[in-house]
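K.L.:
Quick one: structure below, then a few questions.
Please treat every number below as a calculation from the coordinates, not as lab data. The structure displayed is predicted, hence computed values, not measured ones. Cβ placement follows ideal geometry from the backbone for every residue including glycine, while neighbour counts extend to all protein chains displayed.
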């Protein structure tokens, strides 16, 4: 019998496991994959990840941090408007997810977590005394509380969302992102992307409701694009990826002779958090709860923060021997911390996609609005900050209304 079982050893699960084990609880962490495992992701750790004190050593580890992005070039859908942004502080840290996620698991194991990879959790049940049972192919594991962090389409997460009644909505609010890591000479990256390792963001590539990117690292670049699930199913992804590479080559952002082996895809929650993120003593965390920025697709920080919040609520429940409100407390704390902002970002995304040309025009002409956009995109500024609306209206009047007279 475990105190807590965590399903899914990504950033949410490993973070929760570390905190829980550090408190003295008996924790089992399960994952279906053999670690280290490949993970489709651009690999950007936005700056707010610095709020985890123990992550600071990772951020100083040059073997794990492949580059630090301090700048970006953003391009409107038509290509007519384009603006650069340079920051004295990091915008994000670039990693390979297989390395970063394995490091987070190691940190949890160091605190006492029992980790079993290559173990698929296939079913879950809550028996009459409140004990949670997790079923794998070969075993039944029991615990007082479970955290389900098995990703956007994990088996247990899907089952819990069905029990909650949100799975249909969930499936209708999934994006798909595709990406590939391409080997590029470090000297080329130094010349083109500079010491700032400027990221490229090209909005509404192939008329998708999303953006295409280039994240330059040390001697590789992560390249990809994303859009709504139905949109992505309607296009030839391989053809569009090749077309994006040609676009980048024509702008001298990639070497002419660059090659790649394969493009990988992954589902991405895009509607913000689901309405309820718990069932009995089972908590959903990370992608499984929709804790992903609908605007940027960033999920690592929100996954880790949900893991941290889950651990605090669970530790308190064990200390007080009261598990009746564990789910409600978890949901309230997550929504107070970041959930409401993520929900607002889904509306912000629709606005940005619908008025994409104008928003980029104003950002090109107005350095302050430009900074606001980058800060919202990067998670450093709340979506509901009234300064953004005020500035946008001011620019609309200045650059579109008064200029016409």
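K.L.:
Quickly estimate the mean residue ellipticity at 222 nm for the chain, helices only: each DSSP H run with n ≥ 4 gives -39500 (n - 2.57), and the total goes over all residues, rounded to 500. Show your work: numbers first, answer last.
P.N.:
Values: 14 runs with 152 residues, N = 405.
That comes out to -11500 deg cm²/dmol.
K.L.:
Calculate the radius of gyration of the Cα atoms of the stretch 13-107 to one decimal place, then report Dmax, the largest Cα-Cα distance, as a whole number, both in Å.
P.N.:
Over the stretch 13-107's Cα set, Rg and Dmax evaluate to 16.9, 57 Å.
K.L.:
Also, I was wondering about something else. Could you order the peptides 94-101, 5-12, 139-146 from most to least packed, using the average number of other C-beta atoms within 10 Å per residue? Display every interim value, and only then the final one.
P.N.:
On the way: 94-101: 21.4, 5-12: 30.1, 139-146: 19.2.
With the highest mean Cβ count within 10 Å placed first, the list reads 5-12, 94-101, 139-146.
K.L.:
Pairs of Cα atoms under 8 Å, at least six residues apart: use those to get the relative contact order of the stretch 272-405, whole percent.
P.N.:
Once divided by the residue count of the stretch 272-405, the mean separation gives 23 percent.
K.L.:
Further, regarding this structure: Please give, to one decimal in nm, the separation of the simple spin-label points placed at residue 249 and residue 350, each 7 Å out from Cα toward the Cβ.
P.N.:
4.0
K.L.:
Express the relative contact order of the stretch 5-105 as a whole percentage, based on alpha carbon pairs under 8 Å and six or more residues apart in sequence.
P.N.:
On the way: 129 pairs, mean separation 32.7, N = 101.
Dividing the mean separation by the residue count of the stretch 5-105 yields 32 percent.
K.L.:
Could you tell me the largest-minus-smallest coordinate of the C-alpha atoms of the stretch 50-165 on each of the three principal axes, in descending order and whole angstroms?
P.N.:
60, 39, 24
K.L.:
Relative contact order for the chain: what is it in percent, counting Cα pairs under 8 Å that are at least 6 residues apart?
P.N.:
On the way: 799 pairs, mean separation 80.9, N = 405.
The value is 20 percent.
K.L.:
Still on this model: Residue separation times 0.36 nm, minus the C-alpha to C-alpha distance between residue 322 and residue 259: what's the value?
P.N.:
Length gained, residue 322 through residue 259: 17.0 nm.
K.L.:
In addition: Between the stretch 108-125 and the stretch 34-58, what is the C-alpha centre distance in whole Å?
P.N.:
19
K.L.:
Could you work out, for the chain, what percent of all Cα-Cα pairs fall into each 20 Å distance bin, beginning at 0 Å and stopping at the bin that holds the largest distance?
P.N.:
Calculated over all Cα pairs of the chain, the distribution is 27, 56, 16, 1 percent.
K.L.:
What's the extension gain from residue 125 to residue 235 if we count 0.36 nm per residue and subtract their Cα-Cα distance?
P.N.:
So the chain would gain 35.6 nm between residue 125 and residue 235.
K.L.:
Under the 0.36 nm per residue contour assumption, what length would be gained going from the current alpha-carbon distance of residue 365 and residue 167 to full extension?
P.N.:
Contour length minus the Cα-Cα distance gives 67.0 nm.
K.L.:
So, in nm, how far is label residue 88 from label residue 332 when the simple model puts each one 7 Å beyond its Cα toward the Cβ?
P.N.:
It is 4.1 nm.
K.L.:
Expressed as a whole number of Å, what is the distance separating the alpha-carbon centroids of the stretch 144-194 and the stretch 215-253?
P.N.:
Their Cα centres are 17 Å away from one another.
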